[in-house]
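The values are calculated or read from the model by the stated rules, or taken from the named source; none is laboratory data. Since the structure is predicted, the reported quantities are computational estimates derived from the model, not experimental observations. Here the Cβ is made from the backbone with ideal geometry for all residues, glycine too, and neighbour counts use every protein chain on show. The area values use the complete protein model at the heavy-atom level, side chains included, leaving out ligands, DNA and RNA. Shrake-Rupley method; radii C 1.70, N 1.55, O 1.52, S 1.80 Å.
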Amino acid sequence: MSPQPTVKDVRDWAEELNAVGQRLGRFFARSEPRRRVVVYLRGLLSDAERKNSWQLAEKAGDEAPYGVQHLLGRADWDADRVRDDLVAYAYGHLADPGGVLVVDETGFLKKGTKSVGVQRQYSGTAGRIENCQVGVFLAFAGREGHALLDRELYLPKEWAGDAQRLKEAGVPDAVGFATKLVLARRMIDRAVSAGVPARWVTADAVYGSDYHFRVAIEKHGLGYVVGVRADFAVCSGLRQVRARALLGEVPADAWHRLSCGQGAKGPRLYDWALLRTNSPEPDEYARWLLIRRSVSDPTEVAYFACGGPPGTGLPELVRVAGVRWAIEDLFELAKGDCGLDEYEVRGWVGWHRHVTLSLFALAVLTVIRARAARPARGKKGGRG
């Protein structure tokens, strides 16, 4: 459970939300939704037990949720334009040239068959197949803080091929079937085009094992540390071998015990080994296989495909590998404190509007916390 906010926290939220409301005002032609969007953000950051339309309306002093429903459904505004402003807002406050873009997905458990994109499919949130929607998300992780920047709703093939169902859910005609990998690449493309100051990309093996995903990152000039499966094919010298086959060839003195970040119980310590693999232009862009081995159970091994500047050292690649956990923390915070999964909308427009505003609320929270932490770092000789 999140700690109760202090009076100063509430005051900072109010001031920052007023500033955010001013920057968002240009996306709303009418005064009522312009006012309502700030009220909605305030409700998402409130201590309401649930962040559904009825409770947010109650927090706003309304007798019924019609205003909230109008904002998410019929009001005239473009969630993608607000998303673009969220990207600018987040990286403007959290800019870090060594920052990391993180790709992952999360599930939204649903009942029935009407909610856009819903079907029985694997949900990482539940850890099993459930009736759910799945969203693919892009996060930015830097020294100043972490934020969710972008979102894409995954439409399964069964949905993409059903014209009547798409029409009822309000899915635009231009939207067709796209794999989660394609959705992730689109978000990375948008972040790069927007000038997000990141140097690295990280993701789990669902994304990292795909050749086209990794090549797309290389073409952007970004480095990557992405999970891959044990049967991942590695080109080393004149041979092609599976990642797990290289494990037994690692010399004992090539293992290094390093932390990849702080966990709930302290530093996340593992033994790591780094093997150089073939690259088309190794003097300009290098590739490696990074192996992680559990300290307590040496049979527990994970593999990462890496690419980046040739001079990159093991500690930096380990750091980036550890950053992937940031997006799991962000999902937990967004769902627990910002109502990410508590929407009652069923259609395409409503989903994108609610999720975008929830991510904006999370970014506001991150910015306030980063601002509050700066004086403490300054006293220790860090940046003030």
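Carbon and sulfur atoms: what percent of the 1.4 Å accessible area of the chain do they account for?
Carbon-and-sulfur percentage of accessible area, whole number: 50.
Lys and Arg at +1, Asp and Glu at -1: add these up for the other residues within a Cβ distance under 15 Å of I291 and post the number.
Its environment carries a net charge of +2.
What angle, in degrees between 0 and 90 and rounded to the nearest 10, separates the Cα long axis of helix 180-193 from the longest principal axis of the Cα atoms of the chain?
Result, in degrees: 80.
Go through (i) 17; (ii) 44; (iii) 22 and flag the label whose value is the computed percent of Cα pairs over 41 Å apart for this structure.
Label of the calculated value: (i).
Would you tally the net charge around P280, using a Cβ to Cβ cut-off of less than 11 Å, leaving P280 out, and scoring K and R as +1, D and E as -1?
With Lys, Arg at +1 and Asp, Glu at -1, the net is -3.
Build a GNM of the chain with springs between Cα atoms under 10 Å: which of Y270, Y211, Y66 gets the top mean-square fluctuation?
Checking each option, the largest mean-square fluctuation is seen for Y211.
Calculated FRET efficiency, A252 and F177, Cβ-Cβ r, R0 45 Å, to nearest 0.05?
0.40
Report the gain in length on full extension from Q22 to Y122: 0.36 nm times residue separation, minus Cα-Cα distance, nm rounded to one decimal.
Working it through step by step, the gained length comes to 32.0 nm.
Of the options L72, T6, L86, report the single residue whose Cα projects farthest towards the positive end of the charge dipole of region 1-104 (beta-carbon charges: Lys, Arg +1; Asp, Glu -1).
L72
Output the 0 to 90 degree angle, nearest 10, between the alpha-carbon long axis of helix 31-44 and the longest principal axis computed from the alpha carbons of the chain.
With rounding to tens, the tilt is 50 degrees.
For region 259-384, build the charge dipole from Cβ charges (+1 Lys, Arg; -1 Asp, Glu) around the Cα centre, then report which of S296, V323, Y285 sits farthest towards its positive end.
V323
Below 13 angstrom from the Cβ of T356, what's the summed charge of the other residues (Lys, Arg +1; Asp, Glu -1)?
-2
Any idea what the dipole of the chain comes to, in debye rounded to 20, about its Cα centre with Lys/Arg Cβ at +1 and Asp/Glu Cβ at -1?
About 380 debye.
So how tilted is helix 348-379 from the main axis of the chain? Cα-based, degrees 0 to 90, rounded to 10.
So the inclination is approximately 70 degrees.
Eight or more residues apart or on different chains, and alpha-carbon atoms under 24 Å: count the Lys pairs in the chain matching that.
Counting lysine pairs in the chain gives 29.
Are there any trypsin sites (Lys or Arg not before Pro) in region 51-103 that are in a DSSP loop and have at most 11 other Cβ atoms within 10 Å? List them by number.
Within region 51-103, the qualifying trypsin sites (Lys or Arg not before Pro) (loop, at most 11 other Cβ atoms within 10 Å) are R74.
Return the FRET efficiency for the residue pair Y211, T113: r is the Cβ-Cβ distance, R0 is 30 Å, and the value is rounded to the nearest 0.05.
0.30
Taking the Cα centre of the chain as the origin and placing charges on Cβ (Lys, Arg +1; Asp, Glu -1), which of F108, V345, L275 is farthest toward the positive end of the dipole?
Projecting each Cα onto the dipole axis, the largest value belongs to L275.
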